[in-house]
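Each remark here refers to the structure printed beneath this line.
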Amino acid sequence: MAETALTIRALRVRAVKVPMVEPHRTASGTIVESPLVLTDVLTDQGVVGHSSVFCYAELALKPTALLVKSLEPLIVGQAVAPLAIERLLAARFRLLGPQGLTGIAMAAIDMALWDALARAQNLPLVQLLGATPKAIPAYGATGYDGAEGSARVSAQWAERGFKGVKAKIGYPGVREDIEVVRAMRRAVGDDVSLMVDYNQSLAPTDAIARAQRLDDEGLTWIEEPTLADDFDGHVRIAREARTPIQCGENWWGAHDMRKAIAAGAADYMMADVMKIGGVTGWLRAAALAEAHGIRLSNHLFVEVSTHLLCATPTAHWLEYAEWFNPVIAEPLSIKDGCATPNDRPGSGIEWNEAAVKRYLVE
């Protein structure tokens with residue numbers, strides 16, 4: 001007799017504000033806390049799937065939580081079938097589109113459904129996806145901290161064994177950008193990869209000029225030198241720079257990625273599992289990357305992203321961040337500079353309920 005399908009019983013949605021250990025400065029602003037929506041999919045068989053989404057600003061926190069919760073009537077009683085639920089919600093939001101809060105809400109549910117499905121099968125997500133665990137090289141990051149601060153933080157990451165460090169740059173002049181890169185290189189030596197991130201802060205013409213000045217610094221990539229959706233601008237920059245251009249964390253769904261690939265907008269690509277459409281969207285992005293021979297890295301969400309990178313044929317780097325760790329019961333561990341998924345069922349997320357209670361936003 002066939003097993004009874006796992007069905008959705010309810011959603012539990014909580015908003016939390018997790019303080020940063022240190023403010024994270026970028027050329028576009030400073031992040032002092034992580035506003036997160038924690039979503040639990042409760043099922044008829046007692047299996048619970050977890051996910052978190054990052055709202056970037058406090059003003060979006062409660063609206064996002066309310067939007068996720070408002071989707072409950074649409075999915076209660078449905079089978080825990082992430083692809084089917086994704087199609088259902090995508091159809092409901094066809095006129096609003098998959099960007100912004102609607103995209104975040106759909107991804108929250110999608111990631112929790114995949115987590116529940118893996119738990120129901122008593123499998124880590126990586127195995128549910130038909131892949132096997134492997135070590136993914138990880139890099140840490142320093143903020144917009146000047147040459148001295150960036151060098152200090154870079155040395156700390158290197159001492160912990162990380163294989164790369166990324167700096168936020170976009171200072172008033174390119175000379176300051178170069179000073180930061182060279183200070184970091186002196187701090188970590190030649191065996192650690194260095195990346196830089198402009199956080200969309202430059203016009204294409206300015207980005208070309210700066211990239212060409214950085215071309216002799218041995219960087220692994222230059223990230224988001226101009227607006228994320230300016231594919232033509234990124235094409236111009238990539239054509240003129242010798243250093244690979246990285247982009248993608250702010251693309252919404254695989255359709256944005258497809259357009260960027262068609263334009264030739266980046267040498268490397270980086271998917272944010274929330275913005276790309278959850279696990280379902282990541283799988284589509286990974287297929288596009290493989291078909292076009294493009295190396296793919298993640299942005300944030302390190303627990304689930306480690307599982308997904310193991311299932312990505314062109315996996316490149318894991319961007320490691322500890323921003324969400326206070327509410328995670330067992331945060332991802334790094335060994336010998338690499339991340340490997342744990343062998344517990346699901347996507348690697350369990351809540352630290354004491355911390356969730358402490359940071360809860362009513």
Expressed as a percent, the accessible surface of the chain that is carbon or sulfur, using a 1.4 Å probe and the full set of protein chains, is 51
Among Y144, A91, I109 - extreme Cα towards positive end, dipole of segment 73-157, charges at beta-carbon: A91
Under 15 Å from K168, Cα to Cα: aspartates and glutamates that are on another chain or at least 8 residues apart: E22, D145, E148, E176, D177, E179, D197, E223, E224, E249, E319
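In debye to the nearest 20, how big a dipole does segment 170-234 give about its Cα centre with +1 on each Lys and Arg Cβ and -1 on each Asp and Glu Cβ? Could you put the intermediate results ahead of the total?
Values: 6 positive and 15 negative charges, 68 e Å.
Roughly 320 debye, rounded to the nearest 20.
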Calculated [θ] (222 nm, deg cm²/dmol) that DSSP helices of n ≥ 4 give over the chain, each run adding -39,500 (n - 2.57): -12000 deg cm²/dmol
Could you give me the ³J(HN,Hα) list for segment 322-327, computed from phi with Karplus coefficients 6.51, -1.76, 1.60 and θ = phi - 60°, whole Hz, x at Gly and Pro? 10, 4, 9, 3, x, 9
Considering only C-alpha atoms, what is the centroid distance from segment 235-298 to segment 137-199, in Å? 23
With no solvent and one point per C-alpha, what does the Debye sum give as log10 I(q)/I(0) for segment 60-217 at q = 0.10, 0.16 Å⁻¹? -0.64, -0.92
Using the per-residue mean of other Cβ atoms lying within 10 Å as a proxy for protection, in what order, highest first, do the peptides 347-353, 299-305 fall? 299-305, 347-353
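What's the magnitude of the charge dipole for the chain around its Cα centre, counting Lys and Arg as +1 and Asp and Glu as -1 at the beta-carbon? Answer in Debye, nearest 20. Present the calculation step by step, with values, prior to reporting the outcome.
Numbers: 35 positive and 43 negative charges, 101 e Å.
Here the size comes out at about 480 debye.
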Would you please put 117-126, 34-43, 272-281 in order of how densely packed they are, using the mean number of other Cβ atoms within 10 angstrom per residue and starting with the highest? 272-281, 34-43, 117-126
Per the rule of 0.36 nm per residue minus the C-alpha distance, extending K17 to A84 adds in nm 21.0 nm
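If you place +1 on the Cβ of every Lys and Arg, -1 on the Cβ of every Asp and Glu, and leave all else neutral, what size is the dipole of segment 178-299 about its Cα centre, to the nearest 20 Debye?
On the way: 13 positive and 19 negative charges, 36 e Å.
Value, rounded to 20: 180 debye.
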Does anything in segment 43-84 have its amide N under 11 Å from the 7 Å Cα→Cβ label point of R9, and if so which residues? 43-48
Using a 1.4 Å probe, what is the accessible area per residue for segment 124-168, in Å²? 38
Just check segment 32-107 against the gyration tensor rule for me: Cα atoms, a ≥ b ≥ c as the square roots of the eigenvalues, rounded for a/c under 1.5, and otherwise prolate or oblate depending on whether a/b exceeds b/c. oblate
Could you calculate the FRET efficiency of R175 with A321 from 1/(1 + (r/R0)^6), where r is the beta carbon distance between them and R0 is 25 Å, rounded to 0.05? 0.30
Cα-derived Rg to Rh of the chain, Kirkwood definition: 0.97
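Taking a threshold of 24 Å on the Cα-Cα distance, which of the pairs K17/K275; K335/K357; K166/K275; K17/K259; K62/K275 fall above it? Display every interim value, and only then the final one.
Values: K17/K275 20 Å; K335/K357 30 Å; K166/K275 21 Å; K17/K259 34 Å; K62/K275 18 Å.
The answer is K335/K357; K17/K259.
At R0 = 45 Å, how high is the FRET efficiency between V361 and H255 if r is their beta carbon distance? Nearest 0.05 is fine.
On the way: r = 32 Å, r/R0 = 0.72.
Once rounded, the FRET efficiency stands at 0.90.
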Run the quick spin-label model on A209 and C338: label points 7 Å from Cα toward the beta carbon, then report their separation in nm to one decimal. 4.3
Can you order the peptides 131-138, 244-251 by their average number of other Cβ atoms within 10 Å per residue, highest first? 244-251, 131-138
How much accessible area per residue does segment 309-354 have, counting only protein heavy atoms and a probe of 1.4 Å, in square angstrom? 40
Given the options V18, S154, T243, identify the residue whose Cα lies farthest towards the positive end of the charge dipole of the chain (+1 on Cβ of Lys, Arg; -1 on Cβ of Asp, Glu). V18
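The values are calculated or read from the model by the stated rules, or taken from the named source; none is laboratory data. On a predicted model such as this, the values are computed, not experimentally measured, just so you know. Here Cβ is always computed from backbone atoms with ideal geometry, including for glycine, and neighbour counts include all displayed protein chains. These area figures cover heavy atoms from the full protein model, side chains too; ligands, DNA and RNA do not enter into them. Shrake-Rupley method; radii C 1.70, N 1.55, O 1.52, S 1.80 Å.
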